Structures are given as structure tokens and as C-alpha cells.
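Before any comments, here is the structure.
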Amino acid sequence: MKIDYAIIILAISIAFSGYWIGNAISHDQNLDVEEVSYTPVGEVLSLSEASDYLKLDEKSIKAIIGQQKQFLKSYGSFTGMMLPYTKVNDEYIFSKQSLQEWVKEANINRDEFPME
């Protein structure tokens, strides 16, 4: 009799899990195009433009990136937002909007980046 109840509970659990996972997968696949934001081409900055925008020299920006990478490597995770960039063929590319968000969060968290 106990085996019958165990089988019923197991069957219900499997059915519920399948429904739950299927729902999650279909939600991920049905994202509206409106939810995806795109950065206009004019809002992409080179390292020198990002340097001008942030009023930091290029060496300082690279140092911040290096500090954050080292922190991530040492601790395995990073709290907050890391300086957003993409690197293509040794060239850094920045989104102006992402830099704005990073500056806001860094100000809220009172992040400090000592230069060595």
C-alpha cells in the first residue's frame, strides 16, 4: 500500500516538474522584441571617446578593467556592475548608455578604484 502512494506522489511530482520547466522554457522563447534594447550606432564609444566621456585617462580605464578582472579571478564573483566594455582585436568598445548605468551604480555603492 505504501508503494502505491509513493508511486502516485512520484508521478504527480514528475508531472508538476515537467509543467513548471516547460512553462519556464516557453516563457524564455516568447520574449517580446520590445523587451530587447538596442544601442544606437552613434552611442558606441571608442576607448578615447569613453575616456573623454568619463573624464579619465585611458590608462585609468584599463586599470579599472584590470582590477575588476583580478577581483573576479580571485573571488569568483563580483558584486555590482563591472565596467561594461567589449574588446575586438585589442580595441575597446563601450556603450554610452552602459557607461551611464555603471557610473550611477558606482556612485550609489561609493566604489573606489585606487590607482597603483
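The values are calculated or read from the model by the stated rules, or taken from the named source; none is laboratory data. Treat the numbers as computed from the prediction; the structure is a model and nothing was measured. Quick reminder, even Gly has a Cβ in these numbers, built from the backbone with ideal geometry, and neighbours come from all protein chains shown.
Checking the condition assigned to a helix (DSSP H, G or I), without any contact (Cβ under 8 Å) to a residue 40 or more places away in the chain and among the charged types (D, E, K, R), which residue from Lys87, Lys73 passes?
None of the others qualify; the one that does is Lys73.
Please verify whether segment 43-63 includes one or more residues that are loosely packed, with under 11 Cβ neighbours inside 10 Å, of a type outside the set (D, E, K, R) and either modelled with pLDDT of 90 or more or not in a loop (DSSP other than H, G, I, E, B) (or both).
no
Residues being in contact with a helix residue (DSSP H, G or I) (Cβ under 7 Å, 6 or more places away or on another chain) and among the β-branched types (Val, Ile, Thr): count how many of those fall in segment 46-83.
Total meeting the criteria: 1.
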